[in-house]
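Asks: My questions all concern the structure below.
Values in this text are rule-based calculations from the coordinates and carry no lab data. Computed from a predicted structure; not experimentally measured. Reconstructed Cβ throughout: ideal geometry from the backbone, glycine too, with neighbour counts over all protein chains shown.
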Amino acid sequence: MCCLTDSGKITTDVDSLRSEIRDKSVRVIDVRREDDYKQDHIPTSVNLPLANLLSDDSPDRVQKLIQSMGIDDETRVVVYDDTFGALASRVAWTLEYLGHSDVTLLETTYSNWKSLGLENDSDVPEVQNKEHSVNLQSDILATSDYLEGAKERDDVILIDNRERLNFLEQHIPGAISLPYRTLASKDKILRSKEDMKRLLENRGVSGNSEIITYCGSVGTLSGLAYYALKSADLPNAKLYVRSFKEWKNLQKPTVKQEDASYWDLSAE
């Protein structure tokens, strides 16, 4: 349940988070809409709706946002959502891109947290502003220009995390399909490490390749895949944040899956 750089784990289990909240050793970020957050949330959590972040996710603004949430360079951060981990992943990745290494995802959704009968309240914590540096981790970001060259290399794997049908209709040349719905287990946002490794190996995703993930528009579904790769000990991962929407808008090449079975939507 520690940070990415120390233990390699990228999710925090429920019991560990409860303990850290009691010890006041963690900053919890709730990325749901403000109205949902105000109704109830995990105790001590602060609210950062994903839409707020995405309205301007430039490094300078992200720095100001996380400073206003009482996060400095050393603060341990856990992020959660109620959308199978995708929204939380996009926020966690953004913090990591800014240079914040000690950020993990809560292993489950808020609905599941509540269904387990765990603590929640509607109190909005008072938070003191802190100073956070900017140390951009450019090695985890893929731009359209970077991707255009990288996808031709033999040591690069490009993964499309959209629904299978979207992939069959149109995708970036050379991409393989790994629908986001295949990444979760019954009650966790990600499969166990061994199960995830098996899933990825079945898709030919393993080894020392550079792996670039993308989804439909803002990097949420592919953000979850980014952390899925890290959970399976595949650290050389990049997120194409602007994803397929930008790629199409730039009129870059796309392909359709020929002779595909449109009834095979599971990709299992």
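Asks: Evaluate E = 1/(1 + (r/R0)^6) for S68 and D233, where r is the Cβ-Cβ distance and R0 equals 45 Å; express this FRET efficiency to the nearest 0.05.
Replies: 0.85
Asks: Something else: Could you give the length gained on full extension between K252 and D60, defined as 0.36 nm per residue of separation minus the Cα-Cα distance, in nm?
Replies: 66.2 nm is the gain from fully extending K252 to D60.
Asks: Taking neighbour counts of Cβ atoms within 10 Å as a proxy for exposure, in what order, fewest first, do T75, T104 appear?
Replies: If I rank by nearby Cβ atoms, fewest first, I get T75, T104.
Asks: Okay, moving on. Near the amide H of T11, under 5 Å away, which other amide H atoms are found, from residues 5 or more places off or on another chain, if H is placed in the peptide plane?
Replies: L105
Asks: Further question on the same structure: Pairwise over distinct Cα atoms, reciprocal of the mean inverse distance: report the Kirkwood radius of the chain in Å, one decimal place.
Replies: This gives a value of 18.9 Å.
Asks: Normalised by the residues of region 139-249, what does the relative contact order come to in percent, with Cα pairs under 8 Å and at least six apart?
Replies: Averaging sequence separation for qualifying contacts and normalising by length gives 33 percent for region 139-249.
Asks: Moving on. Which log10 I(q)/I(0) values does region 11-136 give at q = 0.11, 0.18 Å⁻¹ under the Debye formula, counting every alpha carbon as one identical point scatterer?
Replies: Listed by q, the Debye log ratios stand at -0.32, -0.92.
Asks: Of V28, V241, V134, how do they rank once you tally other Cβ atoms within 10 Å and put the fewest first?
Replies: V134, V28, V241
Asks: On to the next question. May I ask you to derive the FRET efficiency for L165 and L136 from their Cβ-Cβ distance with R0 = 35 Å, giving the value to the nearest 0.05?
Replies: 0.50
Asks: Ignoring everything except DSSP H segments at least 4 long, calculate the 222 nm mean residue ellipticity for the chain; use -39,500 (n - 2.57) per segment, divide by total residues, nearest 500.
Replies: -9000 deg cm²/dmol
Asks: Hey, another quick one. Once label points are set 7 Å from the Cα along Cα→Cβ at both E152 and D123, what is their separation, rounded to one decimal in nm?
Replies: Taking the two extended label points, one gets 5.9 nm.
Asks: Can you give the relative contact order of the chain as a percent, counting alpha carbon pairs under 8 Å and 6+ residues apart?
Replies: 19
Asks: In terms of modelled amide H atoms, which long-range or inter-chain residues lie less than 5 Å from the amide H of L141?
Replies: Close amide H contacts, sequence-distant or interchain: L239.
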